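Peer 1: Handing you this structure, nothing more for now.
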Amino acid sequence: MLSTTLAKALNIQTNLEFFSSNLYLQMSSWCMQKGLEGCANFFRQHADEERMHMQKLFDYINETGSYAVLDSINPPQNEFSSVVEIFEITYAHEQMITKEINSLVSIAFEEQDFSTFNFLQWYVAEQHEEEQLFKAVLDKVELIGMEGNGLFFIDQEVAKMHNAAQVSQ
Ligand code: OFO
């Protein structure tokens, strides 16, 4: 059974994963509106991944005999000035999630709850991958820039990254 502190913290993280999923789904919608199909698919896939992160936490909480409790989810931002801004937001968002995961890990460690500590290692590794991926996309997007056909090439590059991620799954 989880401590009350840890159960509460894991429930908050579950909610945050829901929020991440909705944020990426919203971004996918924005990209679709702008005719950026590659970016739209990329975010759609990430929305699904975040939902899987949420589900994993939800199941873990219940498996320990604690109670997974859903809460209201803040609406995600839905207006963006450009695709560059979108990728800046995603990178900053993932960095914030990493901090939250790290703080969960340190609570589990302090409480000597090594089962939860072990469970959270999956998220630690996942955050490393996600930060790396979003940083790589952001670097590419900034490098290509918005001049001329920039938007077209950005969309193509992101589509390639999306396809590569699909293959490696
Ligand atoms: Fe994008 O990360 Fe979930 O945990």
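Peer 1: Taking region 102-132, which residues are within 12 Å of the ligand (Cβ to nearest atom), surrounded by fewer than 18 Cβ atoms within 10 Å (Cβ to Cβ) and over 11 Å from the mean Cα position of the chain (by Cα)?
Peer 2: Passing the criteria: 102, 122, 124, 125, 128, 132.
Peer 1: Looking at region 29-67, which of its residues are among the aliphatic types (A, V, I, L, M), surrounded by fewer than 16 Cβ atoms within 10 Å (Cβ to Cβ) and away from the ligand (no atom under 14 Å from the Cβ)?
Peer 2: Residues of region 29-67 that are among the aliphatic types (A, V, I, L, M), as a first pass: 32, 36, 40, 47, 52, 54, 57, 61.
Adding the requirement that they be surrounded by fewer than 16 Cβ atoms within 10 Å (Cβ to Cβ) leaves 32, 52.
Scanning region 29-67 gives a single hit, 32.
Peer 1: Somewhere in region 136-147, is a residue of a type outside the set (Lys, Arg) and under 18 Å from residue 53 (Cα atoms)? Talk me through it step by step, then tell me what you get.
Peer 2: Of region 136-147, the ones of a type outside the set (Lys, Arg) are 136-139, 141-147.
From what is left, the residues that are under 18 Å from residue 53 (Cα atoms) are none.
Checked region 136-147: no residue is of a type outside the set (Lys, Arg) and under 18 Å from residue 53 (Cα atoms).
Peer 1: Just need a number here: residues in region 113-159 that are modelled with pLDDT under 85, out of contact with any helix residue (DSSP H, G or I) (no Cβ under 8 Å at 6 or more places or on another chain) and either among the small types (Gly, Ala, Ser) or under 20 Å from residue 47 (Cα atoms) (or both).
Peer 2: The total comes to 2.
Peer 1: Now a separate question. Tell me, which helices (runs of 4 or more DSSP H) lie completely within region 56-169 with 2 or more residues that are touching a residue at least 12 places away in the same chain (Cβ under 8 Å) and within 28 Å of residue 4 (Cα to Cα)?
Peer 2: In region 56-169, 83-110, 114-144 are the helices (runs of 4 or more DSSP H) which contain 2 or more residues that are touching a residue at least 12 places away in the same chain (Cβ under 8 Å) and within 28 Å of residue 4 (Cα to Cα).
Peer 1: So, one more: For residues that are in contact with a Leu (Cβ under 7 Å, 6 or more places away or on another chain), over 15 Å from residue 136 (Cβ atoms) and of a type in the set (Asp, Glu), tally how many sit in region 67-101.
Peer 2: Residues that pass the stated criteria total 1.
Peer 1: What number of residues in region 68-100 are surrounded by fewer than 16 Cβ atoms within 10 Å (Cβ to Cβ), closer than 22 Å to residue 24 by Cβ and aliphatic (A, V, I, L, M)?
Peer 2: So the answer is 4.
The values are calculated or read from the model by the stated rules, or taken from the named source; none is laboratory data. All of these numbers come straight from a predicted model, not from anything done at the bench. Ideal geometry is used to build each Cβ from the backbone, glycine not excepted, and the neighbour counts take in all protein chains shown.
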